[in-house]
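The values are calculated or read from the model by the stated rules, or taken from the named source; none is laboratory data. In this text the structure is predicted, and so the values were computed from the model without any measurement. When we count neighbours, we look across all protein chains shown, and the Cβ atoms used for this are built from the backbone with ideal geometry, even at glycine. All accessible areas refer to the heavy atoms of the entire protein, side chains included, with ligands and DNA or RNA removed. Shrake-Rupley method; radii C 1.70, N 1.55, O 1.52, S 1.80 Å.
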Amino acid sequence: MLKVVNINLPLDYTKEYIKKVITERLKVCDDEVKNVILDKREIIKETPLYFKETFLVELNEEKEKKLALTMRKKGVSLFEEKPFTVPKSRLEKRPVVIGFGPAGIFSALVLAESGACPIILERGPETEKRMALVREFSESGKLNPEGNIQFGEGGAGAFSDGKLKVGYKDGIKRKILQDFVDAGASDTILYLEKPHVGSDVLHKVIVNLRQKIISLGGEVHFDSKVKDIDIKNGEVCGVIYEKNGKDFKIDCDRVILATGHSARDTYGLLYEKGIEMEAKGFGVGVRIEHKQEVIDEIEFGDKEYAKILGAADYKMVTHLKNSRSLYTFCMCPGGYVVPAASEEGGICTNGMSEFLRDGENANTALLVSVTPDDFPSSHPLAGIDYQREIEKKAFEVAGGDYSAPVIRLEDFMEERESCAFGKVLPTYRPNTKFVSPDKYLPHYVVESLREGLKDMCEYKAGYYCPDAIITGPETRTTSPVRIKRDTKGECPKVRGLFPVGEGAGYAGGIISSAFDAIVVTLEVLNEEN
């Protein structure tokens, strides 16, 4: 096939029109084109708006080779990507996967496809039970530390809009996207520049992926919390987990550690066992909510475009005089700010959208970069202490009942407390309380937020809305820890232990976590026993 890039198209183009454009670009006859596949779509925010698209075009093989040579300067090349293949497992014992978020799911899926019959241990509940617990927390403020937005089937990504940051699509990423589509996601994720599944759809997709893993010989255990990893003579020889108050042991020699970024007790267990780790930087801050129609007008020039293109998103970063950066993260068009606490006595937030992104507000995290130099000590787990301190302060100043501290944008910039909402109402549940970030975030984070917001409001005309709502804190952006591993993904001093994904400190999001897990899992399958 040929890859044809940079085709500019009006928003209302038809299939007939695109075929005409492609035949004219390639200078071929209509009947020579066997197939046309949309590979990438980008919205160009100029006046008027238009699509810039990439297509895969199938012609006669000889014709493809000729055109690839003669038209390479015109954005035409051979598409020669090799299909992803899973090697047959040679493992003597069933591998164990700890965690069933994006990394755990795709590691388990590849292992199951290889015939390795993995055993998956997830500390939280299955999707249906998990959703009920999350709903109960949002409605009543009753937190279940083992079943929440951080823990349970699908991991933290299951409540995040299901954004898929893809970038260059190699064989592994194409597999991930196709697996999502086969499990029920919209096929638009195969070509959109910024694809998303939607949290409502993602819950169904995850269940279907689980069922596929089981159909291929995998075994999934929910509400099964790992208590210990048995290591003897520098080698993994078993995993001990607790379920329904009883301890169980699995004899194994390969463990994929896919715990996610909030399994703080697991980090503690690994530290006690001498697993090499180091603290790493991340971002902390707040979430800001605007009316979605305001963002649509800012980004599209006319909010009516949202009827064609869907709710608009945005991304910004500004580098500050204090050598820090303020950047947007996990932008959720038409979404909701959700309670993401997993420990009693602490508050943290996240953002979520459903597939249609039809909520009244848009929200995004506003994050200030922090480094290990900001942490209270040089301990490898000091970043966790840093997060906890912020979460604890926010909980206390907001009343100690899982209400989130909020403030109007104008009041925050003017350094005063809010006393009433304006045109924008917060979406966070169970409740909110007017409290300035000055009372729960480090002073340098607050100063960076104010300085950075001035830059952002100057850069993006219309972004400064006095009634926009700031809700905090946002602390669980990515792992505060990196578990060291060698070039094959294995812990240097423990044979058979493979940390993967965001929790291991090597990824940041659904696609990158799944990708990292698959790469390491292939090393597990290809290694000599």
- Task: Subtracting the Cα-Cα distance from 0.36 nm times the residue separation, let me have the gained length for residue 19 to residue 272 in nm, one decimal.
- Result: 84.9 nm
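Taking Cα pairs under 8 Å and at least six residues apart, what relative contact order does the chain come out at, in percent?
Values: 1228 pairs, mean separation 91.5, N = 529.
Contact order relative to length: 17 percent.
Hey, any idea what % of the chain's accessible area is carbon plus sulfur with a 1.4 Å probe? Show your work: numbers first, answer last.
Numbers: 11220 of 22910 Å².
The value for the chain is 49 percent carbon and sulfur by accessible area.
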- Taking the dipole of the chain about the Cα centre (Lys, Arg +1; Asp, Glu -1; charges at Cβ), the one of 402, 266, 366 that reaches farthest to the positive side is 266
- Percent of C-alpha pairs per 5 Å bin, region 425-528, short to long: 2, 10, 14, 14, 12, 11, 10, 9, 9, 7, 3, 1, 0
- To one decimal place, what Kirkwood hydrodynamic radius in Å is obtained for region 435-495 from all pairs of distinct Cα atoms? 15.3 Å
- Pairwise label distance in nanometres, residue 142 with residue 373, each label 7 Å out on the Cα-Cβ vector: 4.8 nm
- Task: Please go through the residue pairs 45/74; 3/73; 165/460; 19/52 and name each one whose alpha carbons sit more than 19 Å apart in this structure.
- Result: 45/74; 165/460
- State the Cα centre-to-centre distance between region 351-389 and region 493-516 in whole Å. 19 Å
- Added length on full extension, which subtracts the Cα-Cα distance from 0.36 nm per residue, residue 431 to residue 401: 9.9 nm
- Query: Simple spin-label model, 7 Å along Cα-to-Cβ: residue 168 to residue 248 in nm?
  - Reply: 4.3 nm
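With every protein chain present, what is the per residue accessible area of the chain (1.4 Å probe, Å²)?
Details: 22910 Å² over 529 residues.
Value returned for the chain: 43 Å² of accessible area per residue.
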- Task: Net charge near residue 188: determine it from the other residues with C-beta under 12 Å of the C-beta of residue 188, scoring Lys and Arg +1 and Asp and Glu -1.
- Result: +1
- Item | For region 1-155, average projected area of the Cα convex hull in nm² | 15.5 nm²
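If R0 is 30 Å, what FRET efficiency do you get for residue 228 and residue 135 from their C-beta distance, rounded to 0.05? Provide the component values of the computation, followed by the final result.
Details: r = 33 Å, r/R0 = 1.09.
So the FRET efficiency works out to roughly 0.35.
Find, among the chymotrypsin sites (Phe, Trp or Tyr not before Pro) in region 167-221, those assigned to loop by DSSP (not H, G, I, E, B) with at most 10 other beta-carbon atoms within 10 angstrom.
Values: sites: 168, 180, 191; in loops: 168, 191.
Answer in residue order: 168.
So, counting K/R as plus one and D/E as minus one, what does the shell of residues with Cβ under 12 Å around residue 375 add up to? Don't jump to the answer; show the numbers that get you there.
Values: positive: 280, 388; negative: 278, 373, 374, 385, 389.
Once all neighbours under 12 Å are counted, the net charge is -3.
Compute the Rg/Rh shape ratio of region 162-280: radius of gyration over Kirkwood radius, all on alpha-carbon atoms. Each step should come with its number before you reach the end.
Numbers: Rg = 18.0 Å, Rh = 17.2 Å.
That ratio equals 1.04.
Under a Cβ-only charge scheme (Lys and Arg +1, Asp and Glu -1), can you give me the dipole magnitude of region 178-324 about the Cα centre, in debye to the nearest 20?
Working: 21 positive and 26 negative charges, 78 e Å.
With only Lys, Arg, Asp and Glu charged at Cβ, the dipole is about 380 debye.
Between rounded, prolate and oblate, where does region 202-336 land on the alpha carbon gyration tensor, with a ≥ b ≥ c its root eigenvalues, rounded for a/c under 1.5, else prolate if a/b exceeds b/c? Write out the running numbers ahead of the final one.
Details: a/c = 3.57, a/b = 1.77, b/c = 2.01.
Since a/c reaches 1.5 but b/c is at least a/b, the shape of region 202-336 is classed as oblate.
State whether region 101-245 is rounded, prolate or oblate according to the following rule on the C-alpha gyration tensor (a ≥ b ≥ c being the square roots of its eigenvalues): a/c under 1.5 gives rounded; otherwise a/b larger than b/c gives prolate, and the remaining case gives oblate.
Values: a/c = 2.04, a/b = 1.16, b/c = 1.76.
Verdict is oblate for region 101-245.
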- Once amide hydrogens are built 1.01 Å from N within the peptide plane, the residues lying 5 or more places from residue 252 or on another chain with amide H under 5 Å from its amide H are 238, 239
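Cα-Cα pairs above 23 Å in region 313-431: how many percent?
Working: 2915 of 7021 pairs.
So the pairs more than 23 Å apart make up 42 percent of the total in region 313-431.
Going by a ≥ b ≥ c, the root eigenvalues of the Cα gyration tensor, does the chain fall in the rounded group (a/c under 1.5), the prolate group (a/b larger than b/c) or the oblate group? Working shown, then result.
Values: a/c = 1.88, a/b = 1.07, b/c = 1.76.
Because a/c hits 1.5 or more and a/b fails to exceed b/c, the chain counts as oblate.
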- Note on the structure: Here the FRET efficiency for residue 316 versus residue 419, based on Cβ atoms and R0 = 22 Å and rounded to 0.05, is 0.15
- Note on the structure: In this structure, the FRET efficiency calculated for residue 78 and residue 392 from their beta-carbon separation, with R0 = 60 Å, to the nearest 0.05, is 0.60
- Phi-based couplings in Hz for region 472-483 (Karplus 6.51, -1.76, 1.60; Gly and Pro marked x): x, x, 10, 10, 8, 6, 6, 5, x, 9, 10, 8
